[in-house]
Amino acid sequence: MNLNNLHEIFRKYIEKFEYINTVHEEIYKWKIAEEFQSFDLNAEDFESEMKRLLKISENLIDNGYSMPFTGLAEYAKQEPETVRKMFKDLYNNDGTDLKDKQNRIDTFLASCEKLRKKYAPDSHLYVNNQRSAMQFLFLRYPDNNYMYKATQAKSFADCVEFYDDWGPMNDFKIEVFYRMCDLLVEEIKKYPALIETHMSRYENCDAKLHPDKNLHILAFDIIYSSQVYDFYNGMSILPITAQARKLHEERVLKAEKYHDELNIAKHNFKCLQEAKEYLKNTFPVGTEIKHKFFKSGEIVDIEENGFITVKFGNTVKKLSLITLVVSNLLIIDEERIKQKLDEFKPLLIKEKSIPFLLTIAEENFEPYEKYIQ
């Protein structure tokens, strides 16, 4: 996500909060979500219950172009038990399993279409689709679901540079859209001023509001308000085209490749440091060593660069401890030390190249870091 753009949206939401929340009463989303908790699936008069909920939902499901909730309320006159069962199945054990959620939505929509063809075959207004099914789920279980409006969602994705494609307007992949919303919620939680502003709507409010503990209603309100109340004005936004999405995918692949290489380079560098530390602790000043050619000697000095000064009788030699190990010039009697040095040799042989490769890996990854998912 483009966090600069997202944080600009947050700032504008805070700035216009009173205008949005009070003047335009967008607080009604929290009111409706709370009122919708009273949906009684076991109501004796299910037709009346549907009409009551239809009125409560205002324009969050039905609007001037589409009336899917009205259609279901009409079907409930003819087949209340059928519609009741459809909602029970849709709401059954709703959680975060998106595959199960998608299956329940598909089953619900198939039943909706069957009823429409039976009772209102010529009415396109009564068509239910994935968007309306998601609204039903959202209003009943807002903590587990997100509300979707295509125009606002697309504009928001363009602004924050969310490149994953969830597909066409009303037949889309909910797991992709939910992923964008999850990322939004994560960033909301990191922005204390936004949380404080959001919580202020609960103060001195006569109506009962949904607690919105997972901030899903707030996430939708931000997506919706960004487009409706012109948060994007003055921001540099390029629509995400197929070509832009392809380029982004290529960059993500490079980012993943360079990230893997960086992790390997970091691991090798860490292991090299451990190997050097082992040598330093195993061969301190005063240690007696056996050289393949110079025989026995005593380490009398150690330098930071890994060179040691060894006194062989009357001869003093300055030697690289790493070279002594990798060239098998040291005679090691203790098996435990010998095994450990054999383990470290592949790293010590690459003493010069490992730090260099780490630097290269860091330089390669740096411009692609923002593309890591």
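Points to keep in mind about this one:
- Odd one out for PHE172 among (1) at pLDDT below 95; (2) open to solvent by 20 Å² or more (accessible area, probe 1.4 Å); (3) not acidic (Asp, Glu): (2)
- Of all residue pairs spaced 6 or more apart or on separate chains, none has beta-carbon atoms under 6 Å together with a first member in segment 317-336 that is among the basic types (Lys, Arg) and a second member that is loosely packed, with under 12 Cβ neighbours inside 10 Å.
- Any hit, segment 270-286, residues being open to solvent by less than 90 Å² (accessible area, probe 1.4 Å), of a type in the set (Lys, Arg) and either in contact with a Gly (Cβ under 6 Å, 6 or more places away or on another chain) or modelled with pLDDT under 95 (or both): yes
- The listed residue being open to solvent by less than 40 Å² (accessible area, probe 1.4 Å) and closer than 16 Å to LEU137 by Cα, out of ASP94, ASP89, ASP106: ASP94
- Verdict on THR82 being touching a residue at least 24 places away in the same chain (Cβ under 8 Å), open to solvent by 20 Å² or more (accessible area, probe 1.4 Å), within 28 Å of ASP212 (Cα to Cα) and over 34 Å from the mean Cα position of the chain (by Cα): no
- Restricting segment 33-73 to residues that are over 21 Å from ASN92 (Cα atoms) and in a helix (DSSP H, G or I), the residue that is least open to solvent (accessible area, probe 1.4 Å) is GLY71.
- Any hit, segment 249-260, residues being within 20 Å of CYS159 (Cα to Cα), modelled with pLDDT under 95 and either in contact with a helix residue (DSSP H, G or I) (Cβ under 9 Å, 6 or more places away or on another chain) or assigned to a loop (DSSP other than H, G, I, E, B) (or both): yes
- Check on LYS213, touching a residue at least 24 places away in the same chain (Cβ under 8 Å) and closer than 19 Å to LEU3 by Cβ: no
The values are calculated or read from the model by the stated rules, or taken from the named source; none is laboratory data. Predicted model, so just to flag it, every value in this text is computed and none were measured. Every residue, glycine as well, gets a Cβ built from its backbone with ideal geometry; the counts of neighbours run over all protein chains shown. What goes into the accessible areas is simple: the full protein's heavy atoms, side chains included, and nothing from ligands, DNA or RNA. Shrake-Rupley method; radii C 1.70, N 1.55, O 1.52, S 1.80 Å.
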